[in-house]
Amino acid sequence: MATTEAVDVVMPQMGVSVSEGTITKWLKQEGETIEADESLLEISTDKVDTEVPSPASGVVTQILVQEGETVEVGTKLAVIGGEAGAPVPEPEAAPEPATAEAAAEAEAASSAESPAPQPAPAPEPAPTPAPAAQPSNGGQDGKSFVSPVVARIAAEHGVDVSSVPGTGRGGRVTKKDILDFVESGAQAAPAEAPAQAPAPEPAPAPAPEPAPAEVPAAATPKPAAPPPAPEPAMAGAGERLEPMNAMRRGIAEHMRRSLDTAAHVTSAIEVDMSRVVAIREKLKPEFQKQYGVNPTYLIFVARAVVETLKRYPWINGEIRGEQIVTRPYVNLGFAVELTDGKGLIVPVVKNAEGLNLLGMAQAVTGIAERARNKKLTPDEVQGGTFTITNPGGYGTFHGTPIISQPQAAILGTYALVKRPWVVQDSFGKDVIAIRPIMNITLTYDHRLVDGALAGRFLKDLKEALETWDEVSY
Amino acid sequence: MAIAREAEPVGSLSEVREAGLDREDLLTVYRNMLVTRGIEERGHILYKQGKIPGSFYTGRGNEGSSVGVATAMSGEDVGTPLHRDMGVHVTLGVEPWRIFAQYMGRVDGPTRGRDGNVHMADSKLGLIAMVSHLPAMLPVAVGCALAFRIREEKRVAVAWFGEGASARGDAHEGMNFAGVRRLPVVFICDNNQWAYSTPTHLEYACETLADRAQAYGFDGVVVDGTDVLAVYRETKRAIEKAREGGGPTLIESMTLRMEGHAVHDDAFYVPKEMFEEWAKRDPIERFRTWLRDNADLTDEEEEQIGASVKKVLSDAINRADESPLPDPSTLTEGVFATPEDLDTPHHK
Amino acid sequence: MAEMTYLQAISDGLRTEMRRDKRVFVIGEDVGVYGGAFKVTLGFQEEFGAWRVIDAPLSETAIVAGCTGAAIMGMRPVAEMQFADFISCAWDHLVTVAAKQRYRAGTPVPIVVRLPSGGGFSGGPFHSQNPESSFAHIPGLKVVCPATPEDAKGLLITAIEDPNPVLYFEHKHLYRRIKADVPEERYTVPLGKARVHREGDHITVVTWGAMVYTADDAAKQLEADGISVEILDLRTIIPWDKQAVLESAKKTSKVLVLHEDNRTGGFGGEIAATIGEEAFEHLDGPIKRIAAPDSPVPFSPPLEKAFIPQVEDVAAGLRELAEY
C-alpha cells in the first residue's frame, strides 16, 4: 500500500563507531515506484558495504543525495511518497542571534549618547557611611584578604572590614573577629517600623556652616582620633570611656572628610503639602490593601525629587578630578537610623527614575525591611547618586545635613506641621488657612552647585509637590 | 584426542516421544524457530532503515540450539541466555513486540530503553538479562544453582557462554565452583566457531571445549547445534540429571555463525566454503525436512504456520513502533533498588 | 548491653541475622571450618551448617557473582573477601553486573560483601588498602565504613536488609582494639546518616573508619589549647550525609577532610568539592584534606608510619587551619 504521506529515507548507522556513509548506487530513480523493504540504494561505510531497504511503498518522489556523495549518519537521502517535487522543508534558518545583541547594541548606543561614561554605577571610591566589605584582590597582605563568610557577615551588618582588627594569619579578619565586632557594636535591627519608612534619624552630626562649630554633642569628651590608630585615651575623674565601634569610626571619618571636601551650603523652602495629604488619604487604603505598602510623605517627596532631578543633572552629579560627572539615572539613597542611635546605614534604590509612586513605595519599603533584617546586599549600600534624609521624625523643622561623598547634594525633609498660612480666597484676597507645611532643605556642594541652581531646584520641587500630578507621578 | 561424548542425531518421531515431545510440541518448536529468525531478519531491516539505534546482533544459524535448549527447560528453571539465543526468549514466551520495542529503545522494551539489543530478560520467565562482558553471567547462573542447592529445590540453572568467552576467568571460576559443589547447573557452550574475527584455534587449544568438563569433575558432550532435536534431547538429559542431584554437564553445541559478529561486520574473514557448507545445514530447513519426512508435515500446515508467523511479526513491529521513547527526566531513576523492588518474580 | 570488640560486634550482627532469616548465608574463603581469616565466623558452620557457611574455592568472581545469582533467586548472601584488597578480582562483576542490574533490568541484587580493609600492621601493598573510592564512583553500589562496634553491628544488619549491593568495609585495625557497649538485641543503623563523634565549634573534621580515632586523639590535643574540634563520622560513603556535613561546615566555617585512602581520587575530594560548591559563603579558610600520599601501601614500619596519617599529622593540620 503506497504511502501518501512523505516518508524519509535516512543514512543508517552501520555500527557504533560509524559516523558517515557514501552512496554508491541508487537502485531506483525519482519517479519510480518501490515496495517496502525492497532495496532502494547501496551504501559503503568504514565497516561494511550494504543495501538500504525502503521504509515504505510508494513513488520515489525525491532523491536528495547523489551517488558518490558522503554524508553523515541520519542525513535525509530521499523521500518516498508525498507530493512529487514538494519542496523538502528547509531546515529552519537559525534564529537571528542578532536580537539579543541588537538590543544590547541599541542600549550601548543610547547610553553612549548620554554624558555618563558607563551604564553601571561607578563604584564609589570611598566608603559610604555604611559600606559593604569589598572582596580584595587576594594575597597581597593577610589583612586585605576577606574570606567568603567574613564578606557575607560584613555585608549583612554593614561593617567595613578594614576597620575590624584581625587575629587571623597575616592580620586577616576571621569569622570570630567580625562576629565579635558585630556583637559589641552595630547590633540589631535598625528602625522601628515607622509610618515614615526608613526611620527618622538625625543624619550626620549637627555640624553647622563652616563657621567654627560648637563642640559636637558627642558623648565622648575626647577628640576622635583618626580611625586606624586610636591612641589610648585617659579618663578624668568621674568620666567613663567606651570604645568607638567600627561603624561609628566609619561615620566619623566620612563626616569629617565630607566637610573637608565639599563646600556645604544649605537652602530651605517651605512646601504646602495639602494636595499630597489629600492624595495620600485617598491612596493609602488601596496601597495597603492591594500592595501591602504604606505611601508615606517621604515617598511622595522622593518621587517628586527624582522627577525634578531629571532637569538638574548637576545636583544628581559629582566632581571627579577635574571633571563633572552626570548620569541619566538616579540611584536614590535613604538614610536609615540603626536602633539605639548606634549608627546609620544608607541603602540605595537603584534606577529610581524608572519608578512611579507605587514602585517607589515598594522599593523603599523593601529596602527598609532588608535594612532592618540585615539582609542588604553589598550592592544595595553602594552606588548612590543622591540622598534623602528625614530628620523630621522627631519634630525638627530645619537642619543642615552633611553630603554623602562623592555626591553633590543631600535633601532633608522635616516635620509636617500644621501652620496658619496665607492663601487666596476665591476673590483673590488674602485669607488665613490652616495648611500642613513641610520645610525641605537642599544641602549642596557649592563647588558644583550654585545658590541659584539650588533655588530653582527647590522651587520646582515645591511646585511638583503642591500641584501633584496624579497621572504622571 | 577428544574425551567428550558426541551426541547422536534423533531419528524417528517415536524416539522424540521418548525424549518427551509429541507432534504438537514439534510444530511449536518449528514455529518458534521461524519466529526467532523472523524477528532477527525484520530487525536487520529496521536497523538498516535507521529505526534501530546502536548495533544489531543476530543468532542466525543458532535457532536450533537456542530453541532446542529452551524447549528442554521447565517453568521452574532459570537461565542466562546470550545474544545468539533469541530463540530462548521466544520459546519461553517473550512477546515479539516487546523484543522490537527493546531494539528500538522504547519504553515498553523490557529495559525501558536503558539497555539495547538482546540485553534484556523477563524475570517472570526465569531469565536474567545479560551484560556485554562475557561470560560474566556464567558464575551468576552458578549462583542461582547455589540458591537451589541451599534450599534443596528441584530447580536447574542454565548458563550459556560462547567459545570465545570460554577463554576468560569467569568461565573457569564458575564451572569449577559448580563442579566442586555439584550444583544443579547445565552449561551450554554456543560454539559458532568465530568470536568476531577470531577462529577457534586462536581461542582454545584443546580439541573440544566439552573436554574441559572432565577437568571440572563433570561430563561434557558435543552436539550438532543445527539439529534442534538432538540439542533438545541432550539438554533434557542434562537438566534432569542436575535436577536429581547429579551435578553439572557441559554441552557444546556446534554451529556456524552465519552472519557477521554484528550487522555492521560482513565477516570477510570467514572462508566462503564454510558458509556454503553450513548453509546446507540450516537448522530451520533441516527441521522442516525432518518434519516432512518423519512427522507428515503438510503443505497446509506449513503455509498456515508461515502466514501466522508473518502476521505476528508485522503486528509486533507496528505495536512496538507506537511505544514512546523514554523521557530524559527519568534518566537517574532506579539506580538504587527500594525494598518494594524485591517483589520481583525471581525473589519469591 | 554487652561490651564487645568491633570484631565481635560484626560477628554478633551476622549471627543475629542468620538466626533470624534463613535466606542469609555466608560464603568466602576459609570462612567455614577455619572460622574466617580473622575469625569473624568462628563457630558459625557448627551452628548453621555447611550449606549456609560455605567454604568457597579461591575464586573471588565466582564468590561475588555467585552471590548475585543467589540473591536474584531470593537469598541474602553475605560474601567475605579475605582482604578488601582482593575485591579487585571481582571488580568487574560488581561494577558490570551487580551495580547495573536494577537500573537496566529492574532486578535488585541484595548482596553484602564484607571487606577487611586498612593498614597499620605491616600488611604491605596487598593486605592494607582502603579501596572505597573506586566503588563510590559506580552508580548502583552502596558503600559503608563503620568505625564503632555499635555502628558495625547495626550497619551490617541494615546492609543485609538493603535491596542493593552493599560493600561493607570493616577496618582490620579496629577489630580487637576498639571495645564498647553494644546492644544485644537486633537493631539497625540507617545508611546515609553521619554521626557526630565529637562536638566542637572551631573546626569540623569529616572522616570515617579508623581515622575517626586518630582525629579524636588529635582533637584532644587541640582542646588543651582552647581549640574546639568537631568530628563527623560519615559511617556511610555512598550515600553520604551531605546535609550533616554542610551543616557542620556552616557552623564552624573550617573543614578538614581526613581519610586513610590515597589522596588523589580519594573520596575526600568529592566531599571537599561539594562543600566548596554549596557552602562557599560560609568558609573562613580553605578546605583541607589529609590522606595517605599517592603510593601503594608500603611494608616497612617507618614507611608505613609515614604513609598512614598519624595523630601528629592531623593535629598539625588542625592547628594550621585554626590559625588561618
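Throughout, read-outs are computed from the coordinates displayed, never taken from laboratory work. Everything quoted here is computed from the prediction, not taken from an experiment. Note that we place each Cβ from the backbone using ideal geometry, even for glycine, and neighbour counts take in every protein chain shown.
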With B:Asn176 itself left out, Lys, Arg at +1 and Asp, Glu at -1 over residues whose Cβ is under 14 Å from its Cβ give -1
Using 0.36 nm per residue, how much length does the chain from B:Arg17 to B:Cys206 gain when fully extended, once their Cα-Cα distance is taken away? 64.5 nm
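What is the sum of charges, Lys and Arg at +1 and Asp and Glu at -1, for the other residues whose Cβ falls under 10 Å from the Cβ of C:Asn130?
Value of the local net charge: -4.
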Residue-normalised 222 nm signal for chain B, counting each DSSP H run of n ≥ 4 as -39,500 (n - 2.57), nearest 500 deg cm²/dmol, is -13500 deg cm²/dmol
Sorted by chain and then number, the residues having a modelled amide H within less than 5 Å of the amide H of C:Ile290, at least 5 places away or on another chain, are C:Val257, C:Leu258, C:His259
Could you list B:Arg292, B:Arg212 in order of exposure, starting from the residue whose Cβ has the fewest other Cβ atoms within 10 Å? B:Arg292, B:Arg212
Extension length gain for B:Lys124 and B:Gln214 (0.36 nm per residue less Cα distance), in nm, is 29.0 nm
For labels at B:Glu8 and A:Lys284 in the simple 7 Å Cα→Cβ model, what's the distance in nm? 11.3 nm
Using Cβ counts within 10 Å as a stand-in for footprinting exposure, how do B:Arg233, A:Arg257, A:Arg327 rank, fewest first? A:Arg257, A:Arg327, B:Arg233
Please give the per residue volume of the convex hull enclosing the alpha carbon atoms of segment A:327-473, rounded to a whole number of Å³. 147 Å³
Can you give the FRET efficiency for A:Arg169 and A:Asp260, using 1/(1 + (r/R0)^6), R0 = 30 Å, r = Cβ-Cβ distance, to the nearest 0.05? 0.25
Tabulate in residue order the Karplus-calculated ³J(HN,Hα) for segment B:165-182, using 6.51 cos²θ - 1.76 cosθ + 1.60 with θ = phi - 60°, rounded to whole Hz; enter x for Gly and Pro. 4, 4, 7, 8, x, 4, 5, 5, 4, x, 5, 4, 4, 5, x, 4, 9, 6
What lysines sit close enough to A:Lys418 to cross-link, taking a C-alpha to C-alpha distance under 25 Å and skipping anything fewer than 8 places away on the same chain? A:Lys282, A:Lys284, A:Lys429, A:Lys459, A:Lys462
Which of the lysines could a cross-linker span from C:Lys288 if the Cα-Cα distance has to be under 18 Å and same-chain partners fewer than 8 positions apart are dropped? A:Lys175, C:Lys242, C:Lys250, C:Lys251, C:Lys254
How many Cβ atoms of partner chains, on average, are near each residue of A:146-153 if near means within 10 Å of its Cβ? 5
Report, as an integer, the average count of C-beta atoms from other chains found within 10 Å of each Cβ along C:158-166. 2
Can you tell me the length gained on complete extension of the stretch B:Ala267 to B:Ser329, counting 0.36 nm per residue apart and subtracting the Cα distance? 18.3 nm
Give me the distance in nm between label points sitting 7 Å out from Cα along the Cα-to-Cβ direction at C:Arg19 and A:Glu369, one decimal. 6.2 nm
Note down the relative contact order for segment C:87-205 as a percent, whole number, built from C-alpha pairs under 8 angstrom at least six residues apart. 29 percent
With B:Ala136 itself left out, Lys, Arg at +1 and Asp, Glu at -1 over residues whose Cβ is under 9 Å from its Cβ give -1
Calculate one ³J(HN,Hα) per residue across segment B:205-216 by plugging θ = phi - 60° into the Karplus curve 6.51 cos²θ - 1.76 cosθ + 1.60, and present them in order as whole Hz with x for glycine and proline. 10, 7, 6, 10, 6, 4, 4, 5, 4, 4, 5, 9
Please list, ordered by chain and number, the residues whose modelled amide H lies under 5 Å from the amide H of A:Ser19; skip anything fewer than 5 residues away on the same chain. none
Segment B:188-238 to segment A:277-308: how many Å between their Cα centroids? 93 Å
Listed residues C:Asp162, C:Asp85, C:Asp294; largest mean-square fluctuation, Gaussian network over chain C with Cα springs below 10 Å, found at C:Asp294
Could you give the nm distance between label points at A:Glu38 and C:Leu42, where each point is 7 Å from its Cα heading toward the beta carbon? 8.3 nm
Segment C:81-95 to segment A:243-261: how many Å between their Cα centroids? 69 Å
Likely footprinting exposure, A:Trp26, B:Trp97, fewest C-beta neighbours within 10 Å first: A:Trp26, B:Trp97
Hey, which lysines would be in cross-link range of B:Lys236, C-alpha to C-alpha under 23 Å, not counting anything within fewer than 8 residues on its own chain? B:Lys124, B:Lys154
Over segment B:41-95, what is the mean sequence separation of C-alpha contacts under 8 Å (at least six apart), divided by residue count, expressed as relative contact order in percent? 36 percent
So what is the relative contact order for segment C:1-123, in percent, with contacts set as C-alpha pairs under 8 Å and at least six apart? 24 percent
Rounded to whole angstrom, the alpha-carbon centroid of segment A:1-72 lies from that of segment A:361-408 at a distance of 73 Å
Does anything in segment B:1-42 have its amide N under 18 Å from the 7 Å Cα→Cβ label point of B:Ala307, and if so which residues? B:31, B:35
For chain C, set up a Gaussian network in which alpha carbons nearer than 10 Å are linked by springs, and say which option among C:Thr41, C:Thr148, C:Thr274 fluctuates the most. C:Thr274
Kindly write out, for segment A:370-377 in residue order, the coupling ³J(HN,Hα) from the Karplus curve 6.51 cos²θ - 1.76 cosθ + 1.60 (θ = phi - 60°), rounded to whole Hz, with x marking Gly and Pro. 5, 5, 5, 8, 6, 10, 5, 8
Calculate the dipole size of the protein assembly as shown relative to its Cα centre from +1 charges on Lys and Arg beta carbons and -1 charges on Asp and Glu beta carbons; express the result in debye to the nearest 20. 4040 debye
Scaled to the compact-protein estimate 2.2 N^0.38 Å, what is the alpha-carbon radius of gyration of segment B:87-130, rounded to two decimal places? 0.99
Which of A:Val79, C:Ala50, A:Thr261 sits closest to the plus end of the dipole of the protein assembly as shown, meaning its Cα is farthest towards the positive end, when Lys and Arg get +1 and Asp and Glu get -1 on the C-beta? A:Thr261
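Would you mind getting me the FRET efficiency between C:Arg319 and C:Glu199? Use the beta-carbon distance for r and R0 = 22 Å, nearest 0.05.
0.70
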Hydropathy first: keep DSSP H helices in chain C averaging at least 1.6 on Kyte-Doolittle, then drop any whose Cα extent along the axis falls short of 24 Å, and list what survives. none
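Go ahead and run the numbers for FRET between C:Tyr187 and C:Leu58, Cβ-Cβ distance against an R0 of 22 Å, rounding to 0.05.
My answer for the efficiency is 0.05.
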Under 5 Å from the placed amide H of B:Asn192, counting only residues 5+ away or on other chains, we find B:Glu163, B:Thr255
